[in-house]
Amino acid sequence: DMLFNEADVTVEADVTEKGLGVFAASPLSAGAYVSRYHGKVMAREESRQFYQAQGVAGDYRLGIDEVFEIDAQNSTHFSRFFNHAEEANMMCMIDPSSQRADFFATRDIGSGEELVFDYGVEYWRNRPQPVDDSRQHSP
C-alpha cells in the first residue's frame, strides 16, 4: 500500500557516534516523502511493561496515539536508524486511524546528509541527555 516511493538512502556509521544513521543517497526536495516507520504496532502499556521487565528503555518506540505505538526494535528497515536532532531535516506525520507514521523532508536535503528528526523532549525523560540539544530535558 505504498503511496509514495521511499527515498534513496544508505545506512552507515554516524559521525556523532550515535551508532548507525540514515543518509540521503541522492538529493531530496523540501516536502519529499522519505519513508514509513516500520515496526510492530503494540499497546503502549504492554510495550512499556515488556521493556521495564527487561530493564531496557525500548529506544525504537514511536507513539501513534494515547493507546498505541510502533516498536521498531526488531525491524530490519532503515527507518529504525533515524537519529535525533533538535535541528531536524525531517518531520514525522502520524496517522492514528491507519496506525502509521511517515517521514517527510522539511527542507532541501543534500546527497550524503544525515536524515534526522526531533524525538521530542518526552523521549529523553529517563535517558542520558543528548549533548547537541539546547532545550532543558527534565529527568
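The values are calculated or read from the model by the stated rules, or taken from the named source; none is laboratory data. Computed from a predicted model, the values in this text were never measured in an experiment. Neighbour counts run over all protein chains shown; Cβ positions are idealised from the backbone, glycine included. The protein model used for the area step is the full one, side chains on, heavy atoms only, and it has no ligands, DNA or RNA in it. Shrake-Rupley method; radii C 1.70, N 1.55, O 1.52, S 1.80 Å.
A few remarks follow.
- All-pairs alpha carbon distance profile, the chain, 10 Å steps from 0, percent: 11, 41, 38, 10, 0
- With a Förster radius of 22 Å applied to the beta-carbon distance between N5 and Q99, the computed FRET efficiency rounds to 0.55.
- In the chain, the longest principal axis of the Cα atoms and the axis of helix 44-54 are about 80 degrees apart.
- For the pair the range 24-69 / the range 101-133, the C-alpha centres are spaced 13 Å from each other.
- Taking all Cα pairs closer than 8 Å and separated by 6 or more residues, the relative contact order of the chain comes to 28 percent.
- Share of carbon and sulfur in the accessible heavy-atom surface of the chain [1.4 Å probe, %]: 52 percent
- FRET efficiency, 1/(1 + (r/R0)^6) with R0 25 Å, evaluated for R135 and Q49 via beta carbons: 0.30
- Peptides 30-36, 47-53 ranked from most to least packed give 30-36, 47-53, packing being the mean of other C-beta atoms within 10 angstrom over each peptide's residues.
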